[in-house]
1. Which of rounded, prolate or oblate describes the chain when judged by the alpha-carbon gyration tensor and an a/c cut-off of 1.5?
2. Shape verdict for segment 22-104, please, from the Cα gyration tensor: rounded (a/c under 1.5), prolate (a/b greater than b/c) or oblate.
3. Determine the calculated [θ] at 222 nm for the chain from helices alone, applying -39500 (n - 2.57) to every DSSP H run no shorter than 4 residues and normalising by the residue count; nearest 500 deg cm²/dmol.
4. Counting other beta carbons within 10 Å of each Cβ, put 89, 129 in order, fewest first.
5. Cut-off is 10 Å between beta-carbons; in what order do 111, 21, 65 appear when sorted fewest neighbours first?
6. GNM on the chain, C-alpha springs below 10 Å: top fluctuator among 43, 140, 58?
7. Output the relative contact order of the chain, whole-number percent, from Cα pairs under 8 angstrom with separation of 6+ residues.
8. Choose one answer from 100, 142, 120: the residue with the largest mean-square fluctuation in a GNM of the chain with alpha-carbon springs under 10 Å.
């Protein structure tokens, strides 16, 4: 099957939008990801899928920690920025939560230690053990068929 057909089929699955962050040498690194899933309640585990060629991939391996910020409907610009769709350099005012950089005003901030990682095709699957989280009310930013959506 062609890559384009596969991508189109996967785009039929509506997802939320997250920004994955980690910190190395005092510098924050982040990327947009919609490949995020809850794995286990006991222990509390989540999974993120990061492309092998993504610049953040070796940084998560080195740091051994990462954070996930689940974006709200008003944070489309942050998603686009961390997806590399906005090329201008911006100064992002990160919040610090549990010693990790996170996106302010996100619906949820989740901090994790890497419990395991598995290379699967052209991605690394990181299983993170949740070390802390916080939640706030709001509406999610959704992604469907390659476009941002608001849930109504």
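Any read-out appearing in this document is the output of simple, stated calculations on the displayed coordinates, not a laboratory observation. Bear in mind the structure is a predicted one, so any value in this text is a computation, not a measurement. Ideal geometry is used to build each Cβ from the backbone, glycine not excepted, and the neighbour counts take in all protein chains shown.
1. Numbers: a/c = 1.30, a/b = 1.12, b/c = 1.16.
Judged from the Cα gyration tensor, the chain comes out rounded (a/c under 1.5).
2. Numbers: a/c = 1.43, a/b = 1.29, b/c = 1.10.
The shape class here is rounded.
3. Numbers: 3 runs with 22 residues, N = 152.
It lands at -3500 deg cm²/dmol.
4. 89, 129
5. Numbers: 111 22, 21 27, 65 19.
With the fewest neighbours first, 111, 21, 65 line up as 65, 111, 21.
6. Result: 43 has the largest fluctuation of those listed.
7. Details: 309 pairs, mean separation 43.5, N = 152.
For the chain, the relative contact order is 29 percent.
8. Comparing 100, 142, 120 in a Gaussian network model of the chain, the most mobile one is 120.
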